[in-house]
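Working notes for the structure below.
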């Protein structure tokens with residue numbers, strides 16, 4: 001058999017073993033753009049037979065809507081996507097190339113665990129892979145698609161990547177096999193209940209829940225365009241938003257973003273704090289919106305979400321904007337006994353690391369610690385604005401009334417609260433001390449933001 005014929009035979013074996021995962025790759029990329037790397041890499045030991053072609057992982061590079069990406073796709077059809085030392089080295093080699101060129105990486109994760117027969121060797125491989133992926137965090141975007149079931153240490157990639165995609169009714173991610181987890185808990189639960197997007201609701205791991213790889217492709221392109229193109233031509237300096245004069249709530253605040261340029265990150269978790277990647281006046285920004293009619297109370301989970309998002313903004317040098325409507329920390333025993341104090345402390349540290357523009361807009365309430373952390377000029381915000389009807393105070397109206405009017409004859413509580421609000425929470429008080437740069441009519445907020453961002457661009 002001549003060498004060309006032999007090569008064709010070997011490639012057919014390789015492609016037959018990985019036809020499903022290659023179909024998934026093709027669903028993400030531009031047609032015929034995939035260039036495979038380390039195609040014939042495999043482990044040479046007694047644990048692997050003829051069906052181990054390609055080491056259970058496909059790596060290479062391709063374009064998606066003309067943007068370059070490196071692709072790492074575990075092939076669940078080969079040895080159950082089992083992770084081996086050689087498997088890890090193959091992926092690590094791909095990541096090294098991505099690091100050299102500053103090219104984003106997409107992982108398609110499907111693995112039932114490690115190849116047990118390799119023992120400590122596979123742990124060493126995993127250590128090198130996890131370390132390399134961690135080293136890339138914040139320097140190049142990493143996107144992970146849970147493309148089926150992913151168990152064991154390889155699941156740590158979900159804690160490292162910038163964005164994780166869970167496919168509805170398909171994706172399952174867990175640190176151990178669901179069988180092991182249910183056995184230890186002594187309770188029956190489905191795979192999806194344990195490691196699906198809903199099952200991981202408290203973990204803040206499922207950035208997006210999608211229905212297909214086509215939806216993944218669309219979202220990745222939108223994200224990549226924002227992250228990798230800081231500024232585009234866009235003349236929206238004089239846009240007004242009259243609807244905000246009528247009602248300024250979380251939904252209405254979204255209108256400050258340019259049309260079709262706002263992507264909510266982690267919508268399934270702590271929905272009372274919304275994190276957006278988007279554009280304002282053509283400038284890429286990371287923005288936080290506290291979404292609640294009466295003000296959002298802070299707890300460990302929603303602050304952790306904000307901290308992770310602020311860290312992302314810091315890494316990619318995106319301007320950071322807070323739209324504030326918060327009452328501060330929830331006043332109950334459970335919250336006090338949670339990690340909320342530590343999370344807020346860590347959030348402040350991350351906020352301080354953001355070198356890009358930082359702007360705060362108090363559109364609702366900024367009470368106590370909520371003002372200190374998310375709106376105070378002394379926290380490092382370059383510009384601080386407040387809507388005319390905003391409320392800025394040391395205490396909320398009820399607590400403030402109880403303290404300030406404690407010596408007065410007992411009157412109607414609602415009236416005392418209203419009196420406290422009128423006397424103490426007018427944003428003019430903060431502006432008079434130089435702590436608010438301007439009090440503005442809500443409909444003009446986009447003009448202020450665009451002008452401010454333009455002035456602060458480096």
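In what sequence, highest mean first, do 199-207, 307-315 appear when ranked by Cβ atoms within 10 angstrom? Intermediate values should be presented prior to the final figure.
Values: 199-207: 19.3, 307-315: 21.2.
Sorting 199-207, 307-315 by mean packing, highest first, produces 307-315, 199-207.
Within 10 Å of each residue's Cβ, count the other Cβ atoms and sort 297, 346 from fewest upward. Display every interim value, and only then the final one.
On the way: 297 20, 346 16.
Ascending Cβ contact count within 10 Å gives the list 346, 297.
Sorted from fewest to most neighbouring beta carbons within 10 Å, what does the list 118, 264 look like? List each step's numbers first, then the result.
Details: 118 21, 264 16.
Listed from fewest to most nearby Cβ atoms, that is 264, 118.
So what is the calculated 222 nm ellipticity per residue for the chain, using -39500 (n - 2.57) for each DSSP H run with n of 4 or more, over all residues, to the nearest 500 deg cm²/dmol? Provide the component values of the computation, followed by the final result.
Numbers: 18 runs with 177 residues, N = 458.
So the helix-based figure for the chain works out to -11500 deg cm²/dmol.
Largest first and to the nearest Å, give the Cα extent of segment 231-456 along each principal axis.
Ordered largest first, segment 231-456 gives principal extents of 61, 38, 30 Å.
Report for the chain the percent antiparallel among DSSP-assigned beta bridges with both residues inside it, nearest 5.
Working: 24 of 68 bridges.
Antiparallel: roughly 35 percent of the beta bridges in the chain.
Only one of the listed values, (1) 1.06; (2) 1.14; (3) 0.90, was derived from the coordinates as Cα Rg over 2.2 N^0.38 Å; which label is it?
The listed entry that was calculated here is (2).
Using Stokes-Einstein with the Kirkwood hydrodynamic radius over Cα pairs, what translational diffusion coefficient do you get for segment 3-218 at 25 °C and a viscosity of 0.890 mPa s, in µm²/s rounded to a whole number?
Rounded to a whole number, D works out at 140 µm²/s.
How do 169, 3 rank when sorted from fewest to most other Cβ atoms within 10 Å of their own Cβ? It would help to have the intermediate numbers written out before the result.
On the way: 169 11, 3 7.
By the 10 Å Cβ count, ascending, the order reads 3, 169.
Give the calculated FRET efficiency between residue 193 and residue 120 to the nearest 0.05, with a Förster radius of 25 Å applied to their Cβ-Cβ distance.
On the way: r = 33 Å, r/R0 = 1.32.
Here the calculated transfer efficiency is 0.15.
Using the alpha-carbon centroid of each, what span in Å lies between segment 211-248 and segment 341-368?
Taking the Cα centre of segment 341-368 as reference, the centre of segment 211-248 is 22 Å away.
Of the DSSP beta bridges with both residues in segment 3-218, give the percent that are antiparallel, rounding to the nearest 5.
Values: 11 of 32 bridges.
Taking every DSSP beta bridge within segment 3-218, about 35 percent pair in antiparallel fashion.
Read-outs throughout are calculated quantities, based only on the coordinates presented, and are distinct from any laboratory measurement. These figures come from a predicted structure and were not determined experimentally. Note that each Cβ is placed from the backbone with ideal geometry, even for glycine, and that neighbours are counted across all protein chains shown.
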